[in-house]
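Below: the structure, in structure tokens.
The values are calculated or read from the model by the stated rules, or taken from the named source; none is laboratory data. Only a predicted model underlies this, so the values are computations on that prediction, with no experimental measurement involved. In this analysis, Cβ positions are derived from the backbone assuming ideal geometry, glycine residues included, and neighbour counts consider all displayed protein chains.
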Amino acid sequence: MKFWLLDLWLAVRSVLRQGRRTLIAVGAVSFGVIAMILASGFIEWLMDGMRESTIESQLGHIQVVRPGFVERGTSDPFGFVMEGEDAALATVKASSHVKIVAPRLGFNGLASKGENTLTFTGQGVSPEAEKVLSKSIRISRGRNLSAEDASEIIMGRGLAANLDISVGDVVVLMTTTAAGNINAVEAPVVGIFTSVSKEYDDSALRVPLRLAQQLVKVSGAQQWLVLLDDTDLTDAKLAELGATLSKDKLALIPWYDLADFYNKTRELFSSQLDVVKLIILMIIVLSISNTLSMSVLERVSEIGTSMALGLTRGRIRRIFLLEGVMLGVVGGAIGVLVGCTLALVLSRVGIPLPPPPGMEEGFDGQILLTVPIVAQAFAIAVISALVSSLYPAWKASRMNIVDALRQSR
């Protein structure tokens, strides 16, 4: 321990002796850590927001459906309607950590007002449940659906514009029933909504569940969307409900099996972030390696004298390794401090972002700070500093004592 402390003190003095070079190396490490924290935090904030938006507007944490609905539900939507499953629905609603269970019944058809007729994608929903689940759907004009037994419609902004519909107008919805017959209902539009997807707004409308059941002549729903109070509990709740519900009659689908766009986007951003980290790591390695290599060249006679006085080659290596690690630790600590401060300031001020593809409105971005992001940035700084000091330390320890002493003459 005494030798370790002595070597650490020698490493500190050696680092402080070359102030300008040390500042450049520490600055490079700090810059790298700051860049990693800000880039990782911003992407993590985007992905976290996208995940929660996907869950709260489209998928829920868990979907309860008939087996085969995911694979064949598009071609035969009414072949997978859950009818007579009141006991199972009550079990799901009574389960712990379940905030809401939202039944949905999907259907397609034609919407008409006067001479204007367009195809639509409709959903029969529970208004009370959707107030909690569909947070990303914003009512831009009018109001939301009021009650499950009401006869009314809310419509996407794009669909309303194409049909030249305003709040209060009466629309005729015509669709094919589960038995293959034609049915139609007439109802007023009480609200115009916008969501995160312009494509969805251009074709979507929603009606109370009972009106949808009346329109397509069924008594159940195709999906029960289960919203939990914590996304991290998804797998545990999936296992719990799977042990309770009949697997022959009902299937449980977690949100991440359905969120294909989210999964591919996260994979793409992760790959891009890995490239950024690799570039930063190379900058740190080259900076510290150059600093220590120059230090070795300037301290040839000093190294020779130390070895002549009995300092072993192992301790010479250890001193230079400690110098590199010290640069990484100091630079990493400064980078973490500055990076976290910048992240908090930028999150408070907001980062103006343009509307992403498929959206019409921009938003303010933030930097999400998590322990893994900060710890990973600091660890990369220290490990890369250690790696970059290996060659200079080996080179210093392999010097010939006589040649090193002769160079001082």
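Which condition breaks for Gly41 when tested against (1) exposed (fewer than 14 other Cβ atoms within 10 Å of the Cβ); (2) of a type in the set (Gly, Ala, Ser); (3) at pLDDT 90 or above?
(1)
Which helices (runs of 4 or more DSSP H) does the stretch 296-409 wholly contain that include 1 or more residues that are modelled with pLDDT of 80 or more? Give the steps one after another, and end with the answer.
On the way: elements: 300-308, 313-349, 371-388, 390-397, 401-407.
Fully inside the stretch 296-409 and qualifying: 313-349, 371-388, 390-397.
Of (1) assigned to a helix (DSSP H, G or I); (2) more than 30 Å from Ala236 (Cβ to Cβ), Asp257 satisfies all except one. Which?
Asp257 satisfies all of (1) assigned to a helix (DSSP H, G or I); (2) more than 30 Å from Ala236 (Cβ to Cβ) except (2).
Mind listing just one residue for me: the one in the stretch 233-264 that is surrounded by fewer than 16 Cβ atoms within 10 Å (Cβ to Cβ) and within 13 Å of the chain's Cα centre (by Cα) and, of those, farthest from Thr54 (Cα to Cα)?
Among residues in the stretch 233-264 that are surrounded by fewer than 16 Cβ atoms within 10 Å (Cβ to Cβ) and within 13 Å of the chain's Cα centre (by Cα), the one farthest from Thr54 (Cα to Cα) is Lys264.
Considering only residues of the stretch 200-232 that are of a type in the set (S, T, N, Q) and more than 27 Å from the chain's Cα centre (by Cα), which is surrounded by the fewest Cβ atoms within 10 Å (Cβ to Cβ)?
Going through the qualifying residues, I end up with Ser219.
Which condition number in (1) touching a helix residue (DSSP H, G or I) at 6+ places or on another chain (Cβ under 9 Å); (2) within 21 Å of Glu52 (Cα to Cα) is the one that Leu145 fails?
The one condition Leu145 does not meet is (2).
Could you figure out which of (1) of a type outside the set (D, E, K, R); (2) surrounded by fewer than 21 Cβ atoms within 10 Å (Cβ to Cβ); (3) closer than 21 Å to Ile24 by Cα isn't true of Gly314?
Of everything listed in (1) of a type outside the set (D, E, K, R); (2) surrounded by fewer than 21 Cβ atoms within 10 Å (Cβ to Cβ); (3) closer than 21 Å to Ile24 by Cα, Gly314 misses just condition (3).
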